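Below you'll find the structure I mean.
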Amino acid sequence: MDNNHKEPQYGFSPLTQSYVPPQAKTSGKAIASLVLGIISLITLPIGGILVLGIIGFFSGIVAIVLASLSFKEIKRVQVRGRGMAIAGLVCGIVATSLNVLAFIISFVIGFTSAINNV
C-alpha cells in the first residue's frame, strides 16, 4: 500500500465563493403603493385635522392606482412585489373608504346641528 497517495485536485478550492444567481427586481410601484397605503392608514386616526385627512384620503387613492399599475407591471415584466402591491391595495381601499365614511358622518352631524340651530 502506498501511503503517499493523494486525492486528485479538481481545480477549485473549498474557500471560493459560490455562485448566487441574481434575484428579480422588485416593482417600485408596488413599494410606493405599500408606503402610501400605510401612510393613509396612519393619518386615518388623526384625520380630524383637515390637512392630514386630505393627505390620507389622496394617498389612499394613489396607493390604489399604483397597486393596479404594479399588478400589470408584475405580470408583464416578471418583477417581484405582488404581496406588497396587494397590501398597498388593501390599505388604500380600507383607508379611503373609512375616510369617506368619516367625512359623510361629520357632514351629516354638522348639517343636522345647523338645522337644529335655525
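Okay, residues lined up against (1) over 22 Å from VAL51 (Cα atoms); (2) among the small types (Gly, Ala, Ser); (3) modelled with pLDDT under 90:
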{"residue": "VAL79", "(1), (2), (3)": "yes, no, no"}
{"residue": "LEU89", "(1), (2), (3)": "yes, no, no"}
{"residue": "ALA95", "(1), (2), (3)": "no, yes, no"}
{"residue": "ASN99", "(1), (2), (3)": "no, no, yes"}
{"residue": "ILE105", "(1), (2), (3)": "no, no, yes"}
{"residue": "PHE111", "(1), (2), (3)": "no, no, yes"}
{"residue": "ASN116", "(1), (2), (3)": "yes, no, yes"}
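Same structure again: List pairs: first in the range 87-107 and of a type in the set (S, T, N, Q) and surrounded by 15 or more Cβ atoms within 10 Å (Cβ to Cβ), second at pLDDT 85 or above and outside any helix (DSSP H, G or I), Cβ under 9 Å, 6+ apart or cross-chain?
Listed by first residue and then by second, the contacts come to ASN99/THR43.
Pick from the range 43-77 the residues that are within 18 Å of GLN23 (Cβ to Cβ) and in contact with a helix residue (DSSP H, G or I) (Cβ under 7 Å, 6 or more places away or on another chain): which of them is modelled with the highest pLDDT?
Out of the qualifying residues, it is SER70.
Identify all residues within the range 2-24 that are within 30 Å of VAL90 (Cβ to Cβ) and either among the aliphatic types (A, V, I, L, M) or at pLDDT 90 or above (or both); write none if there are none.
Residue satisfying the conditions is ALA24 alone.
Filter the range 42-99 down to the residues that are under 11 Å from SER27 (Cα atoms), among the small types (Gly, Ala, Ser) and touching a Leu at 6+ places or on another chain (Cβ under 6 Å) and list them by number.
Across the range 42-99, the qualifying residue is only ALA67.
The values are calculated or read from the model by the stated rules, or taken from the named source; none is laboratory data. The model shown is predicted, which means the values in this text are computed figures rather than measured ones. Because the Cβ atoms are built from the backbone with ideal geometry, glycine has one as well, and the counts that use them run over all protein chains shown.
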